[in-house]
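See structure below.
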């Protein structure tokens, strides 16, 4: 029974611990917060539910949302219905459920702060409450800004995004996403079972904290969301660039990183929960098999190619234009006109449609204007657009 130390008890750490404990390893999970209300939407998409059915089939409080309202920077709006719901948890509930599963599998879960790590020897060491301990393998799942491992570089400002928001004691039935002019990010309102998570995320290198707070204040006023009695939050999350994936080492001789620590986040949508869970599962399986070196290849086969694709197009999506109008605004306009395009975007949002197979769905199934629009954002080759049947139009 190898002794595994996991630093971080969020979704990735809990999932990894569960996998390893079920394989017979002695696993200790350390987290200074354990189940806590992390500032994010808390949504789990269709691909997460398909991979981990227990996320839907359980008695824990959750909200299933099938409707999303998108608001362009000029206030044009469109509502899309999703065939597959987004399952939204309070992060206290979700983290608690995952940690309970890890404990039931045999993990030891401790509310402690790991303040140092040493991986220079054959067996890694970690410092908890001033005392050093040894393990056979160490897993780092301690978030985007941790600097515990000397063999890795911290994420830079252009690989991070700031978030600010409120936990509002109100309820709603739909998700709201608001785009802003010349802004790399968006505002969200995610309805949880007994409150709203209302927040804003923006590139840390492109925007200031004051700018985020001003935009968020304007949004809650226009939406008539009262922040009286609301709890304010702020946090920093990974927002990887294309070079992040090639330059960031995620596995070493006796250690590995998962979840936000490894920057496994979609830089376009900010989705991180699925990739946290999946990376924890994949590392757990690799270590249990005695082959941790297989972890990067398994991640690439499972999802990192998707994240790299999103990193290539994220700036073009938020900063680009099509026919003289910003890409998000033009997207909302096209969604208002075309039910087919509206369904496509709904499938992307709900996780039923991935980026890498989007091309074959777009070309030949949408009108020429819509195909040109999507191709300009996703950098499809011009020759593919020419194969779209003539006579198509944006309202198809």
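Being touching a residue at least 60 places away in the same chain (Cβ under 8 Å), farther than 17 Å from residue 190 by Cα and in contact with a helix residue (DSSP H, G or I) (Cβ under 9 Å, 6 or more places away or on another chain) is the filter here; which residues of region 220-248 pass it?
237, 238, 239, 240, 241, 242, 244, 245, 248
A quick yes/no check of all residues on (1) under 30 Å from residue 181 (Cβ atoms); (2) surrounded by 18 or more Cβ atoms within 10 Å (Cβ to Cβ):
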{"residue": "21", "(1), (2)": "no, yes"}
{"residue": "34", "(1), (2)": "no, yes"}
{"residue": "53", "(1), (2)": "no, no"}
{"residue": "60", "(1), (2)": "no, no"}
{"residue": "72", "(1), (2)": "yes, yes"}
{"residue": "75", "(1), (2)": "yes, no"}
{"residue": "92", "(1), (2)": "no, no"}
{"residue": "113", "(1), (2)": "no, no"}
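So residue 247 clears everything in (1) at pLDDT below 90; (2) surrounded by 17 or more Cβ atoms within 10 Å (Cβ to Cβ) except one condition, right? Which one?
Here residue 247 clears every test but (2).
Okay, residues lined up against (1) touching a helix residue (DSSP H, G or I) at 6+ places or on another chain (Cβ under 7 Å); (2) at pLDDT below 95:
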residue: 263; (1), (2): yes, yes
residue: 267; (1), (2): yes, yes
residue: 276; (1), (2): yes, no
residue: 299; (1), (2): yes, no
residue: 309; (1), (2): no, yes
residue: 346; (1), (2): no, yes
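In contact with a strand residue (DSSP E or B) (Cβ under 8 Å, 6 or more places away or on another chain), within 22 Å of residue 95 (Cβ to Cβ) and surrounded by 18 or more Cβ atoms within 10 Å (Cβ to Cβ): which single residue out of 284, 272, 259, 280 fits that description?
272
The values are calculated or read from the model by the stated rules, or taken from the named source; none is laboratory data. These numbers come from a predicted model, not from an experiment. Glycine gets a Cβ as well: all are built from the backbone with ideal geometry, and neighbour counts include every protein chain shown.
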